[in-house]
């Protein structure tokens with residue numbers, strides 16, 4: 001036979017079974033990684049949607065706060081005008097106008 005080595009069939013068969021078991025384990029790990037990747041992708045989409053909703057809600061809250069602030073400023077303005085009018089009217093009455 002020269003350079004060729006003697007091949008023991010039972011040893012090769014046993015090694016092939018071991019390799020098949022290792023391949024099965026690797027396939028299971030690949031499936032788990034694929035599932036994990038899909039879960040991370042879905043999570044990223046969900047987070048992106050939440051960020052968009054948060055931005056919308058933030059602008060809506062800001063608009064409501066500005067509206068309340070404007071209403072408060074109007075109330076203060078009318079109150080100051082009423083008090084100033086009362087004081088000016090009182091002074092004018094006492095002065096003789």
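The values are calculated or read from the model by the stated rules, or taken from the named source; none is laboratory data. Since we're looking at a predicted model, the values are computed, not measured. Here Cβ is always computed from backbone atoms with ideal geometry, including for glycine, and neighbour counts include all displayed protein chains.
Computed values, structure above
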| read-out | value |
| --- | --- |
| Selection status of residue 57, exposed (fewer than 10 other Cβ atoms within 10 Å of the Cβ), part of a helix (DSSP H, G or I) and free of Cβ contacts under 8 Å to residues at least 12 places away in the same chain | no |
| Some residue of region 79-97 being assigned to a loop (DSSP other than H, G, I, E, B) and either at pLDDT 90 or above or surrounded by fewer than 10 Cβ atoms within 10 Å (Cβ to Cβ) (or both) | yes |
